[in-house]
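Right, one structure below, let's go through it.
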Amino acid sequence: MNKFTYYLQEISKSVSTGIIGYLKATLKLALLGFLILSIGLWFFRVDFWFIKALLIAVVDIIPVVGSGIVMIPWALIHFFMGNTTLAWQIGILYIILAVVRQIAEPVLTGRAIGVHPIYTFLASIVCIMIFGPLGAVLGAIVAVVFKSVFEVRRYQERDHL
């Protein structure tokens, strides 16, 4: 086996490990969102809180859009219907969920894929600017690919010394 094939296999293996880590981090974030939503909706005595929390957590997996696509209209509908207390509660719960997710996402994703959170965040921002909402997913993948290439490159340089 020549060196090119060896390094290509190493990069491929590292990228696969990173993508699996990214998927695990996404599931952890969904679980965290589900817990926050469950506690909040239960505390606010929302009917069918468990089912609503589960559905919003599943929607929250969608990059960029996330839980806001459900919770913001839900809060606005209650606000315009005159149920301002529940509207404010849903709004506050959404803000809590969004803040926790913004803090936890780069940390969990960075740890899972083996890339420092700031690099994961920067890769996501650049990819969002280039590819739009799809860039939120591509950012982590791009960070994994770059990390893999740099690791293999570092091993290659070390082997030549």
Original post:
For the chain, what is the accessible area per residue in Å² when the probe is 1.4 Å?
Top reply: 64
Subject >> Helix-only CD estimate at 222 nm, as mean residue ellipticity for the chain, using -39500 (n - 2.57) per DSSP H run (n ≥ 4) >> reply: -29500 deg cm²/dmol
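Counting only protein heavy atoms and using a 1.4 Å probe, what share of the accessible area of segment 1-69 belongs to carbon plus sulfur, as a whole percent?
75
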**OP:** Can you tell me the relative contact order of the chain? Whole percent, Cα pairs under 8 Å, sequence separation 6 or more.
**Re:** 27
**OP:** Would you list which lysines come within 18 Å of LYS3, measuring only between C-alpha atoms, while excluding same-chain residues fewer than 8 positions from it?
**Re:** LYS13
Original post:
For the chain, max minus min Cα coordinate along each principal axis, in Å, sorted largest first?
Top reply: 71, 28, 21
Subject >> Alpha-carbon radius of gyration plus Dmax, which is the widest Cα pair, for segment 1-94 in Å >> reply: 19.9, 71
**OP:** Sort largest first and round to whole Å: the equivalent ellipsoid semi-axes of segment 75-123, each the square root of five times a Cα gyration tensor eigenvalue.
**Re:** 35, 8, 6
Original post:
With charges set only on the Cβ (+1 for Lys and Arg, -1 for Asp and Glu), what does the dipole of segment 1-76 come to about its Cα centre, in debye to the nearest 20?
Top reply: 180
Original post:
DSSP loop chymotrypsin sites (Phe, Trp or Tyr not before Pro) in segment 1-76 with at most 11 other Cβ atoms within 10 Å of their Cβ, which ones?
Top reply: PHE48
**OP:** Name the helices (complete DSSP H segments) of the chain with a Cα length along the long axis of 18 Å or more and a Kyte-Doolittle mean of at least 0.0, or state none.
**Re:** 3-43, 84-113, 117-131, 135-160
Subject >> Check: the chain dipole with +1 on Lys, Arg Cβ and -1 on Asp, Glu Cβ, in debye >> reply: 240
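The values are calculated or read from the model by the stated rules, or taken from the named source; none is laboratory data. The shown structure was predicted, so the numbers you read here are calculated from the model rather than taken from an experiment. Cβ: placed from backbone, ideal geometry, glycine included. Neighbour counts: every protein chain shown. These accessible areas exclude ligands, DNA and RNA; they are computed on the full protein's heavy atoms, side chains included. Shrake-Rupley method; radii C 1.70, N 1.55, O 1.52, S 1.80 Å.
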